[in-house]
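First up is the structure itself, then whatever we jot down about it.
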């Protein structure tokens with residue numbers, strides 16, 4: 001019988017899977033390619049941040065749902081509720097960044113979430129409501145540790161579009177908050193994951209939610225192409241950015 005893996009070994013396995021998933025996304029995403037090559041526009045950034053607004057609005061809710069389901073474990077329930085409270089309203093930063101691009105005086109309705117974004121949102125509710133309650137830590141594990149992968153993209157985006165920190169509030173705020181959160185998540189994994197089944201559930205949700213996010217990035221770029229060709233009237237208001 002094989003000896004149980006140590007905590008550090010389990011984290012190493014999670015990190016290996018994250019690195020592989022991120023490598024696939026960063027290599028194949030047309031959105032990432034546009035950013036890297038300096039071909040990103042304010043409209044493309046706006047479409048991405050609109051989707052960020054949508055899925056972020058649900059993070060506090062599905063995190064809180066996990067705490068309700070796992071109330072018999074006060075350590076984990078407290079963690080879930082505290083993190084849910086800290087996430088409340090973060091979608092407003094994403095919306096602020098969209099408006100700051102040059103839309104403050106425009107009147108429009110925020111387009112509904114793209115189907116790929118809705119799939120991500122629905123998946124996070126599903127894994128928060130069913131299965132191993134610890135598994136949502138897999139989503140948090142990569143999401144709170146994403147900056148090592150995306151910081152070069154944010155810097156390139158800021159440089160190309162000549163964005164000020166006040167137009168990147170969502171990313172600027174999270175770059176500081178997420179360092180502390182990631183350490184808390186690792187501590188929670190150490191305190192709660194007692195069986196290999198727990199680690200397997202965490203790893204599955206981690207990889208699945210990251211790849212669903214990759215699907216959302218591709219959908220954003222597809223919508224941008226459609227908008228450029230006059231085939232996405234839902235984003236007609238973004239033409240106000242043409243002169244920006």
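The values are calculated or read from the model by the stated rules, or taken from the named source; none is laboratory data. This one's a predicted model, so the numbers in the text were calculated from it and none came from an experiment. Here Cβ is always computed from backbone atoms with ideal geometry, including for glycine, and neighbour counts include all displayed protein chains.
Figures for the structure shown
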{"item": "Hits in the stretch 113-133 - residues which are more than 15 Å from residue 52 (Cα to Cα) and without any contact (Cβ under 8 Å) to a residue 24 or more places away in the chain", "result": "126, 130"}
{"item": "Matching entry among 85, 94 (being exposed (fewer than 13 other Cβ atoms within 10 Å of the Cβ), part of a helix (DSSP H, G or I) and touching a residue at least 12 places away in the same chain (Cβ under 8 Å))", "result": "85"}
{"item": "Any hit, the stretch 2-9, residues being modelled with pLDDT of 95 or more, buried (at least 17 other Cβ atoms within 10 Å of the Cβ) and either within 19 Å of the chain's Cα centre (by Cα) or not in a loop (DSSP other than H, G, I, E, B) (or both)", "result": "no"}
{"item": "In the stretch 46-58, the residues that are within 14 Å of residue 93 (Cα to Cα) and assigned to a helix (DSSP H, G or I)", "result": "46, 48, 49, 50, 51, 52, 53, 54, 55, 56"}
{"item": "Test for residue 65: is it in a helix (DSSP H, G or I), under 22 Å from residue 120 (Cα atoms) and over 17 Å from the mean Cα position of the chain (by Cα)", "result": "yes"}
{"item": "Every pair of residues 6+ apart whose Cβ atoms lie under 9 Å, when the first sits in the stretch 15-27 and is within 13 Å of residue 204 (Cα to Cα) while the second is at pLDDT 95 or above and surrounded by fewer than 17 Cβ atoms within 10 Å (Cβ to Cβ)", "result": "21/211"}
